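Read through the structure below, which is laid out as structure tokens, and then see the notes.
Coordinate-derived values only; no laboratory data. All figures in this text were calculated on a predicted structure; none of them were measured in a lab. Backbone-built Cβ (ideal geometry, glycine too); neighbour counts: all protein chains shown.
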Amino acid sequence: MIATRNRREQLERTLDRLGELPERPAIVVVDNGSTDGTVAAVRSRPEPVRVVGLADNRGGAARNVGVELARTPYVAFSDDDSWWEPGALAHAELLLDADARIALLAARVLVGAERRLDPTCATMAASPLAADARLPGPRVLGFLACGAIVRRAAFLAVGGFHARLGVGGEEELLAVDLAAAGYELVYADEVVAHHQPDGRRRPGRARNSVRNELLVAWLRRPPRSALRRTGTLLASRGRDRQAALGAIDALRAVPWVLRERRPDGARLERGLRALEGT
């Protein structure tokens, strides 16, 4: 499934790619209130694509609508500028069928025409989390939404993407919540997705990423860890104006953060600290 907003041309190219896959996946597009004719363009395509036009922009949480509409046990996410390599979805299905503990497979994402490995994937491949030989890859506590496959029931059980996080680092809270619920998240190097970003700057993305990283820390971690993470993050960004704005946004969110705060257990906290090297 794909969530999109005002990127009709990129979306149509991605739909062309997905339509060529041998797996012939059912495709759901959820449009975040586009004004560029996206919904009409998708409806006019010859191949069957289900499209839902939202009246407002729900950011990454628009994916929740697509997952709810899906009737398959697994749902693969694409962005409007990413797609799956032929055979990747079939292989992912085999991996998920083989182990009901796995709620999410994080794919190897290759970027651009040069097929460069996304740096986040290199980090996941070297995950310091305790290994389990029964799993098809390293355990992780994060993923790239442009290249991930989820177990639908697990995704819905934890509530999917948080509606308040928008776009920009929204994956972390979902990853943490799936792990806290007892599921496994695995980096599967042999499951491949392609990402073709257009190089344009996304206004507010860096600001949102900082805000969301702070929000996740205070929503799910013990006070000492959340405070340490806050200090480390802000110190690493120096005088970055976007980081400062993101921190202000997080501060404004304190009332609802306090209402929704639910620190996770010691085991998960140890995993998060291992990822941070602390």
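Could you state the per residue volume, in Å³, of the convex hull enclosing the Cα atoms of region 108-163?
122
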Cβ density ranking, 10 Å radius, fewest first, applied to I248, I149 yields I248, I149
Which order, highest average first, do 66-74, 85-93 follow once you tally other Cβ atoms within 10 Å for each residue and take the mean per peptide? 85-93, 66-74
If you wrap a convex hull around the C-alpha atoms of the chain and split its volume per residue, what is the figure in Å³? 131
Of all DSSP beta bridges located in the chain, what percent are antiparallel, nearest 5? 45
Shape box of region 205-276 [Cα atoms, principal axes, largest first, Å]: 35, 27, 19
Over the Cα atoms, compute the radius of gyration (one decimal) and Dmax (the largest Cα-Cα distance, rounded to a whole number) for region 129-278, in Å. 15.8, 45
Please get the size of the charge dipole for region 205-276, origin at its Cα centre, with Cβ charges of +1 on Lys and Arg and -1 on Asp and Glu, quoted in debye to the nearest 20. 40
